[in-house]
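Let me begin by presenting the structure, written as structure tokens, before commenting on it.
The values are calculated or read from the model by the stated rules, or taken from the named source; none is laboratory data. The structure presented is a predicted model; accordingly, all values stated were derived computationally and were not measured. Reconstructed Cβ throughout: ideal geometry from the backbone, glycine too, with neighbour counts over all protein chains shown. Accessible surface is based on the protein model in full, side chains and every heavy atom, while ligands, DNA and RNA are left aside. Shrake-Rupley method; radii C 1.70, N 1.55, O 1.52, S 1.80 Å.
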Amino acid sequence: MPTPVFLDCDPGHDDAFALWLAAGNPDLKLLGITTVGGNGRLSQTTFNARVVATVAGIHGVPIAAGADKPLTRVLTTAPHIHGGSALDGPALPEPQVEVDPRGAVGLLRELITASAEPVTILATGPLTNIALLARVHPEVLGNVADIVWMGGSTGRGNVTPYAEFNSWVDPEAVAVVLDSAPPFTMVGLNVTHQALATTEVLDRLAEVGNATSVFGVELLRFYTASYQAAQGMAAPPLHDPVAVALVARPELVDTVHTRLDVEVHGTETAGATSVELCGQPSRPANARVAVQLDVAGFWDEVEAAIRVLR
Ligand code: RIB
Ligand code: CA
């Protein structure tokens, strides 16, 4: 029986692969997609989610727009990584998927409540939409099996020395979600930096030869150049699909159950995720934290999902 999942994202090059893996993996049933301001403005991430679904021939999965800014902060986007459209590289086709009028919180609430099985929320952007859901409709979390978030890090950040982008954009949202105490899993940079889209990976995905793989490889060529210029990395980390792979094939990602907190006040440290990894946590454990990735198995799942799409 496939695991029901719901993707909240900010496409975003790596979000595109997360969406394709969530839609293409046979062990997952993608119920819906919501978008949030993050890599781009909300209008861009919403348009891009519709494009990514269109390219792959994904129909019948509602896409609703969510928060256009963090809970309290001004939105900062990431054009230096994702370009001016937040999905630079390939020409973007006119989407064939409309925007669902229910809005992100409405769609999350309706589809999660209606699910016969508890739903796993896959969050690959700032947690603003999920925080709003937890605040406005806390009862919905009763049918949430897990919130698996690509964000944070057990080590250094990628925006500041201490903070990863999704956490840094809206640390207050991370705190709200953690305080609402749902099942929560953090898939941070410490693991996603093992998922490097090397030239071998691009060649392998290009071999698939369908429309999704052609579009995806063009995305990765742009994404590679961005990471080389911005962070001096030869191959870019494909962060977001790692969170999806953890749900599709749990054996691919090792996790520890421990204490996770987020810094919201620090001048230098806002967005830092504090993870206790030395022995018994000093405070009650509240999250699973990813610590190791089966890299070969991960790319097998990415390739297999793209193969079944258009
Ligand atoms: O720090 C990486 C994360 O921030 C990824 O989810 C990327 O898409 C951006 O949202
Ligand atoms: Ca993202």
request  = Would you check which residues across segment 66-84 are hydrophobic (A, V, I, L, M, F, W, C) and more than 16 Å from ligand 1 (Cβ to nearest atom) and list them?
outcome  = 71, 74
query = List, please: which pairs have Cβ atoms under 8 Å, are six or more places apart or on different chains, and start with a residue in segment 116-128 that is more than 11 Å from ligand 2 (Cβ to nearest atom) and end with one that is modelled with pLDDT under 95 and open to solvent by 10 Å² or more (accessible area, probe 1.4 Å)?
reply = 117/1
ask   = Which strands (runs of 3 or more DSSP E) sit wholly inside segment 80-196 and have at least 2 residues that are in contact with a Pro (Cβ under 8 Å, 6 or more places away or on another chain)?
value = 119-123, 144-150
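Results for (1) open to solvent by 30 Å² or more (accessible area, probe 1.4 Å); (2) touching a strand residue (DSSP E or B) at 6+ places or on another chain (Cβ under 7 Å), shown as yes or no for each residue.
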{"position": "87", "(1), (2)": "no, no"}
{"position": "100", "(1), (2)": "no, yes"}
{"position": "107", "(1), (2)": "no, yes"}
{"position": "112", "(1), (2)": "no, yes"}
{"position": "117", "(1), (2)": "yes, yes"}
{"position": "133", "(1), (2)": "no, no"}
{"position": "140", "(1), (2)": "no, no"}
{"position": "154", "(1), (2)": "yes, yes"}
ask   = For residue 180, all conditions in the list (1) under 25 Å from residue 249 (Cα atoms); (2) away from ligand 1 (no atom under 16 Å from the Cβ); (3) of a type in the set (S, T, N, Q) hold save one; what is the number of the exception?
value = (1)
Extreme residue, surrounded by the fewest Cβ atoms within 10 Å (Cβ to Cβ), among residues of segment 270-289 that are polar (S, T, N, Q) and touching a strand residue (DSSP E or B) at 6+ places or on another chain (Cβ under 7 Å) = 274
task = State all residues of segment 183-200 that are touching a helix residue (DSSP H, G or I) at 6+ places or on another chain (Cβ under 6 Å) and open to solvent by 10 Å² or more (accessible area, probe 1.4 Å); if no residue qualifies, say none.
result = 194
message = Suppose the filter is of a type outside the set (A, V, I, L, M), modelled with pLDDT of 95 or more and more than 16 Å from ligand 2 (Cβ to nearest atom); does residue 188 pass it?
response = no
remark   = residue 170 passes all but one of the listed conditions (1) acidic (Asp, Glu); (2) within 16 Å of ligand 2 (Cβ to nearest atom); (3) surrounded by fewer than 24 Cβ atoms within 10 Å (Cβ to Cβ); the exception is number (3)
query = Would you say residue 95 is surrounded by fewer than 24 Cβ atoms within 10 Å (Cβ to Cβ), more than 13 Å from ligand 2 (Cβ to nearest atom) and over 18 Å from the mean Cα position of the chain (by Cα)?
reply = yes
